[in-house]
Each structure stands twice: as C-alpha cells, then as structure tokens.
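Q: This structure is in structure tokens; I'll ask about it shortly.
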Amino acid sequence: MDGYFRRGMAALNLMNVCIDEREAAGSHGRLYCRYQREPQKFENEYQLLKMMEELMDRIGYPQSSVEMRCYGKKTAVPIKQEEPCMTPEEVAEPVGECATFLVYVQYRQNATWQGEVFWQERRQLQTFRSALELLKLLDSAR
C-alpha cells in the first residue's frame, strides 16, 4: 500500500468505498470494512453514509462527541467487542468499476466527521472536515 495512507490503514474503522456506477440520482457500489467479509451494497450516498455511521456506532470508534436527535423512540446501539475478520490489506483489495476510495474517519465531532480519504486509482490523499465535504470529494472523482 502507498505510503500516503499508512496511518489510515491501521485504523479500526478503515472502510473501502467501491463506486461501481454513477447516475444523476446517485452512485451505486459496495462498502467493505474489517468486521465482515461480505460487502454491503448501497444504492445512493445517503445509504452509504448511514452504513458508515452504523459501523462506527457498532464498534464504538471513533466515539461520537454528540448524541444525535431523532423523532420517536431512540434505540440504543450496543457497542460490541467485535474482532476484525479481515486485514487492512484485504479491505483495500476490492476495486470499484468507476472509482475506489479508502476512508478513515478520525473524529466524530460537531455532529459530523473528520478524517482522510484516499483515491486509489489516482493515489491522491485528501482530508475532509465534514461528511458533506467527504461526499463532495467522492463526487468530484469522475
């Protein structure tokens, strides 16, 4: 793996976003993480962000600095002491038909995310200061 993304490769919440198809309505693809062998398929960016958030809540890393509000009853997501079933190299291996991104969320502060995203095909590393900025970076890689 490229030296640019060395710190992110060691992260518990390393995620590989494989974009397989881009349409006006959104991107379709697969999300890989260290805690399950099978990818999660997403049909749009909202589903992608929701899957990523659920993973971070499930493993408790990084911990959120705020408790999100919601309508109705809140269901507590128990933090599990899960063991990774894949190495970082195995997570980084699959590639998307359109683009492939390795995402490392370092912090969840101010009700959003901060971290790094590595565009594998171009070998470019960018930092992001919010989930919206992450989405814009993923979308700009056309």
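The values are calculated or read from the model by the stated rules, or taken from the named source; none is laboratory data. Since the structure is predicted, the reported quantities are computational estimates derived from the model, not experimental observations. Heads up, the Cβs are rebuilt from the backbone with ideal geometry, glycines too, and the neighbour counts pull from every protein chain shown. Quick note on the areas: whole protein, heavy atoms, side chains included, nothing else; ligands and nucleic acids left out. Shrake-Rupley method; radii C 1.70, N 1.55, O 1.52, S 1.80 Å.
Q: Leaving ligands, DNA and RNA out of it, report the carbon-plus-sulfur percent of the accessible area of the chain at a 1.4 Å probe.
A: Looking at the chain in its full context, I get 49 percent from C and S.
Q: Taking the DSSP beta bridges in the chain as the whole, what percent of them are antiparallel, to the nearest 5?
A: Restricted to the chain, the bridges split so that about 95 percent are antiparallel.
Q: To the nearest 10 degrees, how steep is helix 131-140 against the longest Cα principal axis of the chain, on a 0 to 90 scale?
A: Tilt of helix 131-140: around 20 degrees.
Q: For the chain, modelled as a Gaussian network with Cα springs under 10 Å, which listed residue fluctuates most, 74, 50, 41?
A: 74
Q: Can you work out the base-10 log of I(q)/I(0) for the stretch 7-68 at q = 0.16, 0.20, 0.27 1/Å, using the Debye formula on its C-alpha atoms alone?
A: -0.56, -0.81, -1.16
Q: Can you tell me which of 52, 86, 68 moves the most in a GNM of the chain? Springs connect C-alpha atoms under 10 Å apart.
A: Maximum fluctuation in the GNM of the chain, among the listed residues, is at 68.
Q: Which ³J(HN,Hα) values in Hz, rounded to whole numbers, follow from the phi angles of the stretch 21-27 under the Karplus curve 6.51 cos²θ - 1.76 cosθ + 1.60, where θ = phi - 60° and Gly and Pro get x?
A: Karplus-based 3J(HN,Hα) across the stretch 21-27 equals 8, 10, 9, 4, 7, x, 9 Hz.
Q: Mind checking which aspartates and glutamates have their Cα closer than 18 Å to the Cα of residue 73? Skip sequence neighbours fewer than 8 apart in that chain.
A: Partners found: 54, 57.
Q: Just to confirm, what accessible area per residue do you get for the stretch 1-61 at 1.4 Å probe, in whole Å²?
A: Accessible area per residue, the stretch 1-61: 50 Å².
Q: Something else about it: Checking a compactness column here: for the stretch 1-128, what do you get for Rg(Cα) / (2.2 N^0.38 Å), N being the number of residues?
A: 1.05
Q: Could you tell me the calculated FRET efficiency between residue 111 and residue 139, based on Cβ-Cβ distance and R0 = 22 angstrom, to the nearest 0.05?
A: Details: r = 21 Å, r/R0 = 0.97.
Using R0 = 22 Å, I get an efficiency of 0.55.
Q: So, one more: Normalised by the residues of the chain, what does the relative contact order come to in percent, with Cα pairs under 8 Å and at least six apart?
A: Value for the chain: 27 percent.
Q: Roll a 1.4 Å probe over the protein chains and send me the accessible area per residue for the stretch 62-142 in Å².
A: For the stretch 62-142, the per-residue accessible area is 68 Å².
Q: Which listed residue (13, 63, 131) has the Cα farthest towards the positive end of the charge dipole for the chain, taking +1 on Lys and Arg C-beta and -1 on Asp and Glu C-beta about the Cα centre?
A: 63
Q: Determine the gain in length on full extension of the stretch residue 90-residue 68; use 0.36 nm per residue of separation and subtract their C-alpha separation, reporting nm with one decimal.
A: Length gained, residue 90 through residue 68: 4.7 nm.
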